[in-house]
Every structure is written in structure tokens, then in C-alpha cells.
Amino acid sequence: MKKKVLALLLALMLLLPLLACSGSETPPTNPTDPPIVQEVTPAPDPDPDPPAGFEVIDAGLFSVTCPEGWTYNEEKSNIYEKSANLRFAVLGEDDKEIYGVTIDATPDSAKWYRRAFTGNGIDLRDLAEGKLPGISIDGTTFYESKPGETYRYRHDVSGVNYYVQFSGAKDADLNAAPFSDIIAGITLHLTDTGEAVIPWPWEGEPWTPTLAPQMAGTFTLTAEYLEADHPIILNTIMDTSFTVVDDMIYTVTKHLFSAYRIGDGSVALQNSVVLEEDFELIRTDGTKQLYLSQGIWDIFVYDRFTRVNAPAIRHDLVMHKSGEWGITFWVNADPMKVTVQDGIFREEPWVLSDLSKAETRTGFFKMISDIRITDSYIIVAGSAADDSGHKIMVYDHNGNEKFVLENIKEDRSGLGSVTGIVETPNGFLATDGNMRDIVLWNKNGTYIGSVDVKKLLGANYCWLEDMHQMNDDSILIAISQERADKSADELLFFRLTGF
């Protein structure tokens, strides 16, 4: 569609960052947050040619004819070679935004498009079957990913993800003015570039590992794949934590709390519930209680799937097997020692304090990523205060420093991001998520060597989610791995032996 605009309007656009689409000068100064609007019926298709004097903004992947009463906010819009994001508003007499619309088009994966729905609790099958509320834009249905606010469409053969986001009046009707006017002015420029159509998770090919034992020093690590009875599909990677009680694996992935029974070379789903809160860590103790932590917020105690306690403490919690004490931590917050008596949790300062304040900091770390408590040690991973990188310090139970665990692999130095640590009869083993390595040290903390997870599991650029030492001294690890056909990310469990 050819861009038509009055000569006077063009002159004004050179002088002002924000123009009303009909030529009036009304810059917004304080946009409001996105509102919730009611379910709508399809809006009318745009006219083939805009009325004379109305601005047409060509963003490449789409164009917008801005109707009377709406303002194009050029300062909050971006047009790039391969993507675009445009912002429009209806302004009041005080030049404040009353209604707003954002239109975005970006080449991206089908996975990110789908996560916009699953992240809001929407079943992908409802999306695939067209059962969700939607609006018609240039003859194409955009489906509701956030109730009454955001509508999305993926053009599979070009790999472009589109969304339209509305803000302004709660319970507004998108099939009525002023929203129907801006919707009618949107034209999609869809071009088939030959991109492959990505299968839905239930249509895709589950990932199959290629296992090969790997040596580190004189030790040979061997992995056993515990195949799930049904593929465990993740909405997000790097967010799964797990622990083990008897033969049951308990996982939290944000608000999803699940249990899987370990069988002979297998895991089978036993229960899965959606919690009201999001969680980032789950741990247990010798009493078989489960501790679910939100990170910056609260900690809850569970007996299987029943919440039994809500102690007035915060951050992530890892407990000693006695269930009588533990340590809290979270990024650069002060870790605290927790003692438990008669179900009452009490905190006191530990040996690390003021992690984020160089002038008053006490202890080895300025940031903590993981803590584990073994029979003999408290093992802490994080960023060293002296800026020497990501390291692990081993403390005794009284908080005395014993030795540092470092990665001194010949072709690179340092750890990337430790996602799990255990103490075995032969020493210490850690998973490094960033480096995709498993690193080994002896009982005195001397570096033994590392194993490339890609070679051990055949996993191409996986994320090492978490690990747990089993009662037989084998080590259970969980990884997230994208399928070869990109239909999903799966959560996969392996049992390691040999160290």
C-alpha cells in the first residue's frame, strides 16, 4: 500500500517526535500500564486504501493506517530491517494516554511463540485446535495469549511472530471504536521464506540419548538414561529443581510441582499439581520433609503434596539431613543459619555477610549460586569476592574454610555456573551449567578432571538443571534438552556411576 500523507504533515513530522495521526500535536507524557479487556468478536478487515490525509506507517513486516483520534508515538516505536514494534495512543486533554496499542513483528522460534501461551496456563492443544478467543487482523486470526490484553499469531513459513497488545480501559470492547478503528488499519505483509513448520510437542520426535562412558583422571563416569513413561515437556529451561525421597523424584518448575517414581531404567509420573506461587528450589532432609523456596520471597514445608508449615523466613533453604538446621541463601543476600525446634524456624547470621558491599563484606563470596550440606561439609558455590571467578568453597559445619574447588582444565580456567554439588566417597563432583561439564575433585579438593556432557550423554547444548546424591552413592542429574525437530524442550533424568 502506498504511503499517503499531506505535505504539511510531513513538515511537522520533521519537527516533532510525536504527532497525531490526523496531524494534531498531542504528545503523550505518562502512558498507563496494560489493562484487561473483555473477550471480543472478530474486528472488520481494513479498507484497501486509507482516506486522504491519514498517515500510513510502513514497518516492513506490516503497515498501519493510523485513524482519526489516534496518535503514532514515534519515540516509543522501532523499525528495523527484520523486525518492528509500533506504538499508538488515544490521548486526553491533558496529553495523557487513555488507550494504547502496540503492534510487534519479530522473526523468532515457534518455542517462544508457544511459551507466551503456556506461560499463562493455556493448553497448547487449545491453541493448535483454534479454541482460544481471537480477533481478526487483515483476515488472519490472532489468538488471546493474555486474557483481554495480548493477541498473537505465528506465520510459520516465514518464522515471524506477531502480537498486538491493548491497553487503556478495563472491559473495553475491541470490536468497537476506538480499538476497532486501529485494528482495521493494520495490514500484514506475509512472505513465504520457506521456513519449516515446527511440529507440536505431541507430534514431535522425543529426544533419544547417545551414551558413551567418559574418563576424568582414573575414573570412568557411566550414565544410565531413566526414560520417562511420557515425555516431560518444559515451558521454560533453567528453572527446574528436584530432590529425591526414597524412590520418588519431586520437581518444581516455577508453579508446577510433580512427582515421578524411579523404576528399572525409567521414571513414571505419579502426581502433578499447579501451585499458586512460583518456586525455584526444592530440597529435602532425612525426615523426608520437602522444602520449597521462592528465592527472594517465602519458604514452605511440604509432606509430599500437603503443605504443613510456612516458616517466617525467606530466600532459598537447604537443610541438614537431621532436619534440625540449615542455611538460607539467595544471590547476594546474607546467608543465614536456620535452626528448627518444635516446628519453629529461627535465623542467625552465618559466616558470610554484606556480600554486595565491598567495604564491609565478610567472607569468600560476593554472590552465591548454590549450597549443599553433606555429612561433613557445607559446600558453597558462587562468585569469589576477589573477582577471581566462579568457585566453590568447602566449609566444615562450624563455618570454617577448608579448601577451594576450582576448574583448572587446560584449555580454559574457572567454573561457569555451578548447578549442583555432591560429596562422594572419592571426593567432590559438580555440574557446570554454562560449560556443560561435570567436574571432579579428590577428597582434599585437588582437581581431577572434567567430563564433557555432550560426549557423555550425546546432549547438544543442554542445560544441567540439578543433581542429587542417591543412597547408593550414585548421582541423579536432570538436564533440559531441545529436540532435534525443535518441537519441545524435554526434562531428562540420568543416573551417574563411577565416582
All positions within segment 393-423 that are hydroxyl-bearing (Ser, Thr, Tyr) and either open to solvent by 10 Å² or more (accessible area, probe 1.4 Å) or under 26 Å from the mean Cα position of the chain (by Cα) (or both):
Ser413, Ser417, Thr419
Looking only at segment 279-332, which residues are part of a strand (DSSP E or B) and of a type in the set (Lys, Arg)?
Arg283, Arg307, Arg314
Out of (1) small (Gly, Ala, Ser); (2) under 19 Å from Ala172 (Cβ atoms); (3) open to solvent by 30 Å² or more (accessible area, probe 1.4 Å), the one Gly100 does not meet is (3)
Output for segment 354-391, where each listed residue is among the β-branched types (Val, Ile, Thr) and either open to solvent by 60 Å² or more (accessible area, probe 1.4 Å) or touching a helix residue (DSSP H, G or I) at 6+ places or on another chain (Cβ under 6 Å) (or both)
Thr360, Thr362
So which residues in segment 83-122 are modelled with pLDDT of 95 or more, over 19 Å from Ser63 (Cβ atoms) and of a type in the set (Asp, Glu), if there are any at all?
Asp108
Might you check whether a residue that is outside any strand (DSSP E or B), touching a residue at least 24 places away in the same chain (Cβ under 8 Å), under 18 Å from Val418 (Cβ atoms) and not aliphatic (A, V, I, L, M) occurs anywhere in segment 369-383?
yes
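Results for (1) touching a residue at least 24 places away in the same chain (Cβ under 8 Å); (2) open to solvent by 60 Å² or more (accessible area, probe 1.4 Å); (3) over 26 Å from Asn434 (Cβ atoms), shown as yes or no for each residue.
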{"residue": "Thr236", "(1), (2), (3)": "yes, no, no"}
{"residue": "Thr240", "(1), (2), (3)": "yes, no, no"}
{"residue": "Gly265", "(1), (2), (3)": "yes, no, yes"}
{"residue": "Asp278", "(1), (2), (3)": "yes, yes, no"}
Those residues of segment 469-479 which are closer than 15 Å to Val267 by Cβ and crowded, with 19+ Cβ neighbours inside 10 Å amount to Leu476, Ile477, Ala478, Ile479
Residue tally, condition open to solvent by 60 Å² or more (accessible area, probe 1.4 Å) and either in a loop (DSSP other than H, G, I, E, B) or under 18 Å from Tyr461 (Cβ atoms) (or both), over segment 207-224
5
Taking interchain pairs and intrachain pairs at least six residues apart, which have beta carbon atoms under 7 angstrom, with the first residue in segment 474-499 and under 25 Å from Asp246 (Cβ atoms) and free of Cβ contacts under 8 Å to residues at least 12 places away in the same chain and the second among the charged types (D, E, K, R) and open to solvent by 10 Å² or more (accessible area, probe 1.4 Å)?
none
Please indicate, with yes or no, whether at least one residue in segment 301-316 is open to solvent by 50 Å² or more (accessible area, probe 1.4 Å) and free of Cβ contacts under 8 Å to residues at least 12 places away in the same chain.
yes
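Here is a yes/no grid of residues against (1) buried (at least 19 other Cβ atoms within 10 Å of the Cβ); (2) in contact with a Pro (Cβ under 8 Å, 6 or more places away or on another chain):
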{"position": "Glu144", "(1), (2)": "yes, yes"}
{"position": "Tyr153", "(1), (2)": "yes, no"}
{"position": "Asp173", "(1), (2)": "no, no"}
{"position": "Gly185", "(1), (2)": "yes, yes"}
{"position": "His189", "(1), (2)": "no, no"}
{"position": "Thr193", "(1), (2)": "no, no"}
Among the candidates Leu211, Leu226, Leu221, single out the residue that is under 27 Å from Gly449 (Cβ atoms) and touching a Ser or Thr at 6+ places or on another chain (Cβ under 7 Å).
Leu226
Taking first residues from segment 110-121 that are over 15 Å from Phe142 (Cα atoms) and second residues anywhere that are part of a helix (DSSP H, G or I) and open to solvent by 20 Å² or more (accessible area, probe 1.4 Å), the pairs with Cβ under 8 Å that are 6 or more apart or on different chains are Thr118/Leu124
Check Asp108, Asp94 and return the single one that is within 22 Å of Val64 (Cα to Cα) and loosely packed, with under 15 Cβ neighbours inside 10 Å.
Asp108
Scan segment 450-464 for residues that are touching a residue at least 40 places away in the same chain (Cβ under 8 Å) and either outside any strand (DSSP E or B) or open to solvent by less than 20 Å² (accessible area, probe 1.4 Å) (or both) and report the count.
7
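The values are calculated or read from the model by the stated rules, or taken from the named source; none is laboratory data. Since we're looking at a predicted model, the values are computed, not measured. Neighbour counts are summed over all protein chains in view; Cβ atoms, including those assigned to glycine, are modelled from backbone coordinates with ideal geometry. We work out accessible area using only protein heavy atoms, side chains counted, and drop any ligands, DNA or RNA first. Shrake-Rupley method; radii C 1.70, N 1.55, O 1.52, S 1.80 Å.
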